[in-house]
Amino acid sequence: MAAKRAERLVNLVIALLSTRQYVTAARIRGTVPGYEADDGSDRADEAFKRMFERDKADLREMGVPLETGRTSVFDTEDGYRIARADYELPEIHLTGEEAAAVGLALRLWESAQLAGAAQSALVKLRAAGIDLDPTRSLPIQPRLDRGEAAFEPCYAAARDRRQLQFDYRRPDEDTAVRRHVQPWGVVAWHGRWYLVGHDLDRRADRVFRLSRVVGTPKATGPAGAFDPPADLDLTSVVARQVGGEEHLVVVRARPGTAVGLRRRATSLGPADDGDDRLQLSTTEPWALADELTAYGADVVVEGPTEIREAVVERLTRLAAMGESA
Amino acid sequence: MSAAGTTDRMTRLLALVPYLSARPAGVALSEAARDFGVTERQVRSDLELLWMCGLPGYGPGDLIDVSFEGDRVKVTFSAGMVRPLRLTTDEAVALVVALRTLLELPGLAERDAVSRALAKVSAAAGDAAERVTPVAVSVDAREETLTVVRAALEQQRALHLHYYVPTRDERTERTVDPMQLLLVDGRWYLEAWCRRAEGVRLFRLDRVDDVVVLDEPAAPPPQATSRSIDDGVYRPGQDAPAVKLRLARAGRWVADYYPVEDVAPVDDPPGGLAVTVRTADLAWARRLVATLGGNAVVDEPAELGAQVAAEAREALRRYGVPPAPGDG
């Protein structure tokens, strides 16, 4: 940024912080160095106006709480001030250990938006007198939002509570379908990112996998357009919609086979024919049926019947594949 | 300059005077540069700019004053810039969500400290943290495994473990030299030198069983360097043989899930997708096709399809389902 402009913005912040009165634009123009002087011409007025509008927008964008109002009823136009209590970061004291935790936490972010925010949060905490040692390292490399292109626009729309539209392609659909959503938030769940929100076309709460979003989601309409449910727990919404109800499945596995199933199964002891009876719990019965199918003759489903039938159906299709080949 | 650049410099300029005010004994320029993540030259240029700023009037007693003693710098007049600006929503989210994520990590020795830091940061963030946080991270972890692996890393010792390889449905036994832990989108991986494979490998912790810290030092050889995970944790071999599949609609998730090439829509099966997957591991391909339960047709190699079908027929016999016509 041009040094002149940075200097002007810093001076503007100091000037507005140092007064309890609202200061009019004209007065700011006369006091704060760097603004186009008033030479009575319309051109100079215009130039000042443009400059001042841009400065206000930039300060607000940075989070500077710029207030507008009038000090007394006799004032003929609005002025500006910055209330110190709203501007300043409240007192915060962290012990060495706590500061180390913050330092580590801030390294979690990968997306430009939140990594940048983490860096500026760090700067502010240091300016509040906290010593955060950047050399302290744990042999942990946490990554949170790596490489998910839809993350930033979805996050930003949820933060600002703006309506979001995007093209979404379910793997079993031929083409992407335009969705209109009130975004509540983004969640990492079992290693995948999801957007949680209210689908306006389907009039229902929905969970979307970010990797299935085609192109860049676009926020539309004003900020603060909706309120997410007050008792919202993003993770449990995803767990409910993606996860579903729990089912118990009993299978027989030949001894020494089905290593992967045994890692998470409860053993029910041997069956008459020497196979091992295993009980499995799943929230995704059809995915389990797929998995059981892949074990072929090593694993036979005892029940429930619908899972047994689902596996037989899959095996029948696979067997037929050999016929046509 | 870009909007982000503008904001970065302004954030620094507004923070620099409070930073120095909070350290009345002064700060070495190199330390300030490190703390702000910029060069010393940049800090110097920021200070020179701040020197020109101050209270309206802008006389000698109104301007920010900074003094140098050797290479140490301290502020002697702050013009009322004593505290940094509040946290923005993004900053509060970055902090609060990351701390909450750390709290979810099992076996974290610093748990209490993280929890206290979270409470203090939330209080200081005020409004910015009070709203429903638009990001949540749920971490998968096996407490015991993670605790043992962390201990090995801290003591720099080798590990003995059993690793489940889903593609072959095998439990393998390995001795590894741990290098680092990675947490990628809520999943833990151990990066280590595998003595059996003589290479750097990523081990997903939820597939690790019976891990034991050995009484010998971790000694990854010099050629063991961290591989970048910027392209994802799963990387196919470029020169591996091609497996050509036609995916039915219900099997098209494969194209989402694995790196595939030569993707093209096809009419048979209806709404299908032809893809090429590269793998040297035919057992893996066999499993994948079987998992798809008929939602994938194998075009190449032909023996892959025949093998899957033969295995399915054998399985059907165990279910007492009559063999398909023409099957002997």
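Every number here is computed from the coordinates shown, using simple stated rules; none is lab data. Just so it is clear, the model here is predicted, and its values are computed rather than measured. So basically every Cβ, Gly included, is an ideal-geometry build from the backbone, and we count neighbours across all protein chains shown.
Classify the range A:143-244 as rounded, prolate or oblate from the Cα gyration tensor: take a ≥ b ≥ c as the square roots of its eigenvalues, call it rounded if a/c is under 1.5, otherwise prolate when a/b beats b/c and oblate if not.
Rounded, because the longest to shortest axis ratio a/c is under 1.5.
Relative to the longest principal axis of the C-alpha atoms of chain B, give the angle of the C-alpha long axis of helix B:302-318, reported between 0 and 90° and rounded to the nearest 10°.
In chain B, helix B:302-318 runs at an angle near 70 degrees to the longest axis.
First measure r as the distance between the Cβ atoms of A:THR31 and A:THR216, then evaluate 1/(1 + (r/R0)^6) with R0 = 41 Å and state the FRET efficiency to the nearest 0.05.
After rounding, the FRET efficiency stands at 0.40.
State the extension gain, in nm to one decimal, for the chain segment bounded by B:ASP267 and B:GLU300, taking 0.36 nm per residue of separation less the distance between their alpha-carbons.
10.1 nm is the gain from fully extending B:ASP267 to B:GLU300.
How many angstrom lie between the Cα centre of the range A:224-281 and the Cα centre of the range A:68-134?
If we compute the Cα centre of each part, the gap is 44 Å.
Please report the spacing between the Cα centers of the range B:26-81 and the range B:252-328 in Å, no decimals.
First find each Cα centre; the distance between them is then 68 Å.
For the range B:46-86, list residues with backbone N below 18 Å from a point placed 7 Å from the Cα of B:THR39 toward its Cβ?
B:46-49
Specify the angular offset, from 0 to 90 degrees and rounded to the nearest 10, of the alpha carbon long axis of helix A:305-324 from the longest principal axis of the alpha carbons in chain A.
80 degrees
Hey, what angle do you get for helix B:40-50 against the long axis of chain B, alpha-carbon based, 0 to 90 degrees rounded to 10?
Approximately 50 degrees, to the nearest 10.
Rank the residues B:ASP210, B:ASP8 as a footprinting-exposure proxy: fewest other Cβ atoms within 10 Å of their Cβ go first.
B:ASP210, B:ASP8
Name all residues of the range A:12-39 having a backbone nitrogen under 16 Å from the label point set 7 Å from the Cα of A:ASP78 along its Cα→Cβ direction, giving them as ranges.
A:22-28, by backbone N distance to the label point.
If I model a spin label at A:THR71 and A:ASP38 as a point 7 Å from the Cα along the Cα→Cβ vector, what separation in nanometres do I get?
My value for the distance between the label points is 1.6 nm.
Multiply the residue separation of A:ARG254 and A:THR266 by 0.36 nm, subtract the distance between their alpha-carbon atoms, and state the gained length in nm to one decimal.
Full extension from A:ARG254 to A:THR266 adds 2.8 nm.
Go ahead and run the numbers for FRET between B:VAL165 and B:TRP51, Cβ-Cβ distance against an R0 of 56 Å, rounding to 0.05.
Details: r = 64 Å, r/R0 = 1.14.
About 0.30, to the nearest 0.05.
Kindly identify the range A:3-63 as rounded, prolate or oblate by the Cα gyration tensor criterion: order the square roots of the eigenvalues as a ≥ b ≥ c, call it rounded if a/c is under 1.5, otherwise compare a/b with b/c, prolate if a/b is larger, else oblate. Don't jump to the answer; show the numbers that get you there.
Values: a/c = 1.76, a/b = 1.37, b/c = 1.29.
Cα axes put the range A:3-63 in the prolate bin.
In peptide B:75-87, how many Cβ atoms from other protein chains are near each Cβ within 10 Å, on average?
The shielding value for this peptide is 6.
If a/c stays under 1.5 just call it rounded; otherwise compare a/b with b/c (prolate if a/b is bigger, oblate if not). Do that for the range B:3-77, with a ≥ b ≥ c from the square roots of the Cα gyration tensor eigenvalues. Don't skip to the end; give the middle numbers.
Details: a/c = 1.92, a/b = 1.11, b/c = 1.73.
Oblate shape, in that a/c is at least 1.5 and b/c is the bigger or equal ratio.
Using Cβ contacts closer than 10 Å as the measure, can you line up A:LYS124, A:LYS4 from fewest to most?
A:LYS4, A:LYS124
Counting pairs of alpha carbon atoms under 8 Å apart in space and at least six apart in sequence, what relative contact order in percent does chain A give?
On the way: 452 pairs, mean separation 30.2, N = 325.
It comes to 9 percent, rounded to a whole number.
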